[in-house]
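*Asks:* Below is a structure I'd like to ask you about.
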Amino acid sequence: MKKILLLGAVTAMVVIAACSKKTIPQTSQTAEAEKKSSAVSYAGQVKQLIESKCSPCHIPSKGGNKAALDNFDNARKFADDIIRRINLNPDERGFMPFRNAKLSAEEIAVFTKWKEEGLSEN
């Protein structure tokens, strides 16, 4: 009887140990890789948003005659104004994109994060 109880106790401990979740401490390399994968850059995300949401008005090659946002230097130069204007409500003066729907929260977050992370190009 003692052998059966002992065997049952050992089996229970093995099952419990196998089911427990072990966490592996995050290394600096893992943290850096995650940071890079979630980093926002002009080439990675911002340029595409500008081309799809600010065109044609701010893209000279598409006939736009407003402040040109068709390159990194100009987008960086106007970043604060872009962020301010896309955060306005559609009925407020200066709202962008003009006569179009407000950008989604995710799209606005891309511009905001780009600014917070230092306006990187790549």
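The values are calculated or read from the model by the stated rules, or taken from the named source; none is laboratory data. Here the structure is a predicted model, which is why all the values come from computation and not from measurement. Here Cβ is always computed from backbone atoms with ideal geometry, including for glycine, and neighbour counts include all displayed protein chains.
*Asks:* Of the residues in the stretch 77-96, how many are closer than 23 Å to residue 117 by Cβ and in contact with a helix residue (DSSP H, G or I) (Cβ under 7 Å, 6 or more places away or on another chain)?
*Replies:* Within the stretch 77-96, residues that are closer than 23 Å to residue 117 by Cβ and in contact with a helix residue (DSSP H, G or I) (Cβ under 7 Å, 6 or more places away or on another chain) number 6.
*Asks:* What are the residues in the stretch 44-94 that are surrounded by 13 or more Cβ atoms within 10 Å (Cβ to Cβ), part of a helix (DSSP H, G or I) and touching a Pro at 6+ places or on another chain (Cβ under 6 Å), if any?
*Replies:* 53
*Asks:* For the stretch 107-122, what are the residues that are in a loop (DSSP other than H, G, I, E, B) and under 11 Å from the mean Cα position of the chain (by Cα)? Let's see the steps before the verdict.
*Replies:* Initial filter on the stretch 107-122 (in a loop (DSSP other than H, G, I, E, B)): 117-122.
The one that is in a loop (DSSP other than H, G, I, E, B) and under 11 Å from the mean Cα position of the chain (by Cα): 117.
*Asks:* Still on this structure, I have one more. Regarding residue 24, is this residue assigned to a helix (DSSP H, G or I) and either modelled with pLDDT of 95 or more or of a type outside the set (Lys, Arg) (or both)?
*Replies:* Spelling it out, it is not the case that residue 24 is assigned to a helix (DSSP H, G or I) and either modelled with pLDDT of 95 or more or of a type outside the set (Lys, Arg) (or both).
*Asks:* Mind listing whichever residues of the stretch 32-43 are surrounded by fewer than 16 Cβ atoms within 10 Å (Cβ to Cβ), part of a helix (DSSP H, G or I) and at pLDDT 90 or above?
*Replies:* Once the filter is applied, which keeps residues that are surrounded by fewer than 16 Cβ atoms within 10 Å (Cβ to Cβ), part of a helix (DSSP H, G or I) and at pLDDT 90 or above, the stretch 32-43 yields only 43.
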